[in-house]
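Rule-based calculations on the coordinates, nothing more; no lab input. What you see is a predicted model, and the numbers here were worked out from it, not measured in a lab. Note that each Cβ is placed from the backbone with ideal geometry, even for glycine, and that neighbours are counted across all protein chains shown.
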Amino acid sequence: MAAAIKVSGLSHWYGEGSMRRQVLQSIDLTIEAGEVVLLTGPSGCGKTTLLTLVGALRQVQAGEVKVFGEELNGSSRSQRQQLRRRIGMIFQGHNLLRCLSSEQNVQMGSDLLPDLSYRARRDQAREWLRAVGLGDHLGKLPHDLSGGQKQRVAIARALAAHPQLLLADEPTAALDKQTGREVVELLQRLAREQSCAVLMVTHDPRILDVADRLVQMEDGRLSVSSLALQAG
């Protein structure tokens, strides 16, 4: 079975001409199904760029990026769109639809699942909102929610699609200690029970113990001294 993520020699640049700047330099990274990998490093070092490339949100410029065995370098827009249906994404901007309630926003994730009735999708949305502690906020619109609550709705929406790969950019940044812990343990359970690979960018030292591996990035490179966590 192909690895969930296999990145080889990945490099990426922004800008043109004299403004061209390299943000990723010959990245190699493999993540297996069911594995939780935390990506750490200073702001601006290329972590979010790596997530967007693996998540098929940007065109790969140089190197190989295979997700579920599918090569993204040279892929078409329609191929990337199809692949994204198997990927859950949690980014700091929340990206909630302002005109929809919490329940309706989360149900958008369930809408990606085939052969589910409206009632089943609605029930799943409510279940995931309860799982992130928002069971009493089903009907609230985004403008009625705090930043941390919006983040939890975004997390529930990503999980509702039953992704095979979950990409998360600072998912606990707007959450208090207890809620952040509950959320990452939920992501860890998703990895274990559904063999979902998780790649999470974080600066939060409180959640490092949920990882199978920690990977350090600096100046667009993955550190050779990346730490593998030992069981126990």
Here FRET efficiency (C-beta to C-beta, ASP219 to GLU71, R₀ 35 Å, nearest 0.05) is 0.85
Taking r as the C-beta separation of MET108 and ASP176 and R0 as 30 Å, the FRET efficiency to the nearest 0.05 is 0.70
The range 1-126: proportion of alpha-carbon pairs further apart than 21 angstrom, %: 52 percent
Kirkwood Rh (inverse of mean 1/r, distinct Cα pairs), the chain, angstrom: 18.2 Å
Rounded to the nearest whole number, the Stokes-Einstein translational diffusion coefficient of the range 118-232 at 37 °C and 0.692 mPa s (Kirkwood radius, C-alpha pairs) in µm²/s is 213 µm²/s
Can you spot the lysines whose alpha carbon is less than 26 Å from LYS6's alpha carbon? Ignore those fewer than 8 places along the same chain. LYS47, LYS66
Would you mind checking which residues have amide H under 5 Å from VAL23's amide H? H placed 1.01 Å from N; only 5 or more apart, or other chain. HIS12, TRP13, TYR14
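Counting each pair of different Cα atoms once, what's the Kirkwood radius of the range 124-175 in Å, rounded to one decimal?
For the range 124-175, the Kirkwood estimate is 11.4 Å.
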Can you sort THR172, THR179, THR49, THR30 by how many other beta carbons sit within 10 Å, fewest first? THR30, THR179, THR49, THR172
Assuming R0 = 35 Å, can you tell me the calculated FRET efficiency for the pair GLN22 and ALA2, based on Cβ-Cβ distance, to the nearest 0.05? 0.80
The range 56-101: percent of C-alpha pairs farther apart than 17 Å? 45 percent
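Mind checking the full-extension length gain between TYR118 and HIS162? Use 0.36 nm per residue of separation minus the Cα-Cα distance, one decimal, nm. Intermediate results must be reported in sequence, preceding the final value.
On the way: separation 44, 0.36 × 44 = 15.84 nm, distance 1.63 nm.
Between TYR118 and HIS162, full extension yields 14.2 nm more.
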For the range 86-173, build the convex hull from the C-alpha positions and give me its volume per residue in Å³. 82 Å³
Expected vector for the range 49-56, Karplus 3J(HN,Hα) from phi with 6.51, -1.76, 1.60 and θ = phi - 60°, integer Hz, x for Gly and Pro, equals 4, 4, 4, 5, 6, 5, x, 6
Show me the ranking of peptides 210-217, 124-131, 13-20 by mean Cβ neighbours inside 10 Å, starting with the highest. 124-131, 210-217, 13-20
